[in-house]
Amino acid sequence: MFKQKLINAFELSGLTWFIPIIKLLSGENPKEQGAEILRMLGLPIIALSAFFFTWGYLSTKIQTSVGKLPSPVFVWNQSKAMIANYRVELYKKAQYEKFEAIRSSIAMQMDKNVNSPEIQSLLKDIDGVKTKFSDESEKLNEQIAIGKEAHEASVSAVKEKYNKPEFYVTSDDGQPLKDMDGNPQLNREAVDEINLASEQKYMVYEMGIVQVLNDFSSSYGSLASRVSKVQKYQNEIDELTATGGDEKKLAKAEKRKQTFLKLIRKETAYSGNGSIIDYIKLSIITVLFGFAIAATVAIPLGIICGLSTSFMTAINPLIQVFRPVSPLAWVLITIQIVDGIFVGDLALEGDVFKNTFLHAGITVALCSMWATLSNTALGVSSIDTDYMNVAKVLKLNWFDRLFKIIIPAAIPFIFTGLRITLGVGWMVLIVSEMMATSRGLGWYIDQQYQNNKVESLANIIVCIFIIGLVGACLDRIMYTLQRFVSFNDEVSA
Amino acid sequence: MSEYTNKKYVEMVNLAKVYPTQKGPFVVLENFNLDIPKGEFYCLIGHSGCGKSTILSMVAGLNSITAGSVCLDGKEIDGAGPDRGVVFQSPSLLPWLTAYENVMLGVKQVYPNQSKQTMHDIVCYYLASVGLFKDKDKRVTDLSQGMRQRVGIARAFALKPKLMLLDEPLGMLDALTKHELQDLIAKLHDHHAMTTLMVTHDVDEALYLSDKVVCMTNGPKATLGKILVNDMPRPRNRSELVDHPKYYVYREELITFLEDQDHKKKKVS
């Protein structure tokens, strides 16, 4: 039955608060399920509201080094601005691809014949695109103007509110001090409030799109002018050859034509600023990379440790010494070693696979592998004697004993270790990205910190929530896997 | 095969088990002598802690022998091996495998040169004979306790061992399932005529299944008390068996023995 399958799936993943909703939707005992939903959803909602209320209250009281602590509303607006930036980035990428398609088809046609009708029609297309762009940006500018007005009105309302004698800074003799423009100098609280109001983002998406439209409008413009330059020189060449003109002039025209042709043929590089979604993606890829290294090293080592007490005794001191080392210490030595190996021509310059990616990934692996190592060793060494008796009675050889009995029996332990490893890895990742300047969430937080504005503080808070949410999701996934592979239901949530 | 090895198919001579403890050696079992003829069903009965299971695990090769020796089919045993099938008290199945795969694991060991089809047939045959053919692809964790023990029995029989060792295999089951499985074991024994040594503390079970009931004295220093020859005709039927004139005589004899052991134990303490 579909319903039961769905309920089982939610039970497996530990998302048990969905279950009463499904039961309710299928019309099962509405009163009881309603009460269950109220309990499962209501209580967390109460706790969350209490949290946001406290935060909202504290934000009016707590003074940070860059101004007032951003309120939940300010942070919410900031996160919307981040999403707007991401959408602008997507739009920009799409426009870039369109532009490249037109440029490369022009370049191809030009190689055949610079004055072909195809080129004329492509040029017409460009004109069309440019008019469309200017129409669009005009419309957007109107909207922006409205938004700007509203924003300025709210800023001046705040200014008005604080432009009162009780907010003036006075000198020792009670006279209000004047700033450079001759206006009364406001105290810190007033300045912070005004800054907060004026830093409030507005029309982020629209402004971003207008910027993109302007950029590409000029790109199309210069492309068209290059095409016409080539055509002009071609005409000159044609004329000179027809009239048997000066060799020198001919060579000069040819050279100029080639210069512009080269410019048209050259692929334009995409210059993205990166957006929060890119940072999240990179961070997740990095942590999974580190996690994969940790697993490939720790599981086999753990199995050997579990099988051989001598081996365990031998490497135990190393484990004990390296396990408590802070990621900050690991990341520095990792950076130096990686940069020592991948240096000069060997330096990694992939989209994702950069030196900095290795720095962060390896640090994650170094710090997080220990949980998997010790759990695997424990799982292998504490194998149920019943299973070993089966192996003895059947006289299984060493290989079968290991792969058919010992490792399957240790799988639940291994997955417990892996779940801890991924959790630790995600925490370590943020720190190592800060140090390694791998362009993930950690790096972004550091960038924002250097910005030293209330706005950036709000961005950092947004990132904290993102980090928490991603971490929780990763843990849920591991939890589900753990439940899936375990043959007894002893998994802690 | 000679008459001698047939009569003494399993031969335990002066078997002893001593555990070293901090207070000195602890003798669980000493001077235990028992011969089992080929094809017979022996039950080992006694109070808990009398070393019944110790004997069984020594014969299985899972527990080291302190003194004495165990021979099976004329050869002294050395460690565990698939010539002795064991059914443990807990089913001891591998929970990450299906019923089929659990039985197949043993079959592959014992018939290494058979074709895949033959091995498949063997596994299916034994699973069917314990009544689990249609559940063969279920994971062990999805089976009931009784079904798991059936798989355990199928796994042991599929090895075609020379000696079957049953270590209180029905101890953890409810009364109904217990009866079903007793019937199953009786049926399999009648069919395969497998030499069997079974540990139990259930007098009725012993009388229903065995050819001879071996009574153990109480531990420590437990040893063989008496052997009761259970000559009630086979195949047996549970309801007819209770009406058999010898049934209550034998039952009385066994219970008296066990109660005597109890009294001795109380006197000692």
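Values as computed for the structure displayed
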read-out: Other-chain or far-sequence residues with amide H under 5 Å of A:Leu348's (modelled H); value: A:Asn355
read-out: Karplus (6.51, -1.76, 1.60) ³J(HN,Hα), θ = phi - 60°, over region A:282-299, in Hz, Gly and Pro reported as x; value: 4, 4, 5, 4, 4, 5, 5, 4, x, 4, 5, 4, 4, 5, 5, 7, 6, 5
read-out: Gain upon complete extension [A:Leu328, A:Glu136; 0.36 nm per residue less C-alpha separation]; value: 64.2 nm
read-out: Approximate shape of region B:135-269 as ellipsoid semi-axes (Cα gyration tensor, √5λ), whole Å, largest first; value: 29, 19, 15
read-out: Calculated diffusion of region A:392-493, Stokes-Einstein form, Kirkwood radius summed over Cα pairs, 25 °C and 0.890 mPa s, µm²/s; value: 149
read-out: Total formal charge among the other residues, if their Cβ is under 14 angstrom from that of A:Ile19, Lys/Arg +1 and Asp/Glu -1; value: 0
read-out: Relative contact order [Cα under 8 Å, 6+ residues apart], chain A, whole percent; value: 18
read-out: Alpha-carbon centroids, region B:197-214 and region A:395-433: separation in whole Å; value: 45
read-out: Per residue, in Å², the accessible surface of chain A once ligands and nucleic acids are set aside, probe 1.4 Å; value: 56
read-out: Note, ³J(HN,Hα) from phi for region B:231-248, Karplus 6.51, -1.76, 1.60, rounded to Hz, x at Gly and Pro; value: 9, 5, x, 9, x, 9, 10, 4, 6, 6, 4, 5, 8, 5, x, 6, 3, 6
read-out: Solvent-accessible area lost in complex, 40 Å² minimum, residues of region B:84-103 relative to chain alone, 1.4 Å; value: B:Phe88, B:Ser92, B:Leu94, B:Pro95, B:Trp96
read-out: Built amide H within the under 5 Å cut-off of B:Asn230, gap 5+; value: B:Lys212, B:Val213
read-out: Alpha-carbon gyration tensor eigenvalues x 5, square-rooted, for region B:60-158, Å; value: 27, 17, 10
read-out: Under Karplus coefficients 6.51, -1.76 and 1.60, residue-wise ³J(HN,Hα) of region A:416-421 in Hz, glycine/proline x; value: 4, x, 5, 5, 5, 4
read-out: Mean-position separation - Cα centroids, region B:38-86 and region A:127-199, in angstrom; value: 93
read-out: Cut-off under 5 Å, modelled amide H: who pairs with A:Gln185 long-range; value: A:Val169, A:Leu177, A:Lys178, A:Asp179
read-out: Chain B: relative contact order as a whole-number percent, Cα under 8 Å and 6+ apart; value: 25
read-out: Inter-part distance where region B:91-116 and region B:149-175 are each reduced to a Cα centre, Å; value: 15
read-out: Spatial extent of region A:88-265: Rg and Dmax, with the Cα atoms as the point set, Å; value: 27.9, 92
read-out: Subset of A:Lys23/A:Lys80; B:Lys138/B:Lys187; B:Lys8/B:Lys265 violating a 28 Å alpha-carbon distance limit; value: A:Lys23/A:Lys80; B:Lys8/B:Lys265
read-out: Charge tally in the Cβ shell below 12 Å around B:Phe257, where Lys, Arg are +1 and Asp, Glu are -1, B:Phe257 excluded; value: -2
read-out: Within-15-Å neighbourhood charge of A:Lys61 [Cβ basis; K, R +1; D, E -1]; value: -1
read-out: Considering only the protein assembly as shown, percent of DSSP beta bridges that pair antiparallel, nearest 5; value: 60
read-out: Binned Cα-Cα distances of the protein assembly as shown, short to long, each 20 Å bin given as a whole percent; value: 11, 27, 25, 19, 12, 5, 1
read-out: Region A:358-493, accessible surface, carbon-and-sulfur percent (1.4 angstrom probe); value: 65
read-out: Per-pair calculated FRET efficiency, R0 = 25 Å: A:Asp215 and A:Asp278 via Cβ, rounded to 0.05; value: 0.85
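The values are calculated or read from the model by the stated rules, or taken from the named source; none is laboratory data. Predicted, not measured: the structure shown is a model, and the values here were computed from it. Every residue, glycine as well, gets a Cβ built from its backbone with ideal geometry; the counts of neighbours run over all protein chains shown. Accessible surface areas use protein heavy atoms only, side chains included; no ligands, DNA or RNA. Shrake-Rupley method; radii C 1.70, N 1.55, O 1.52, S 1.80 Å.
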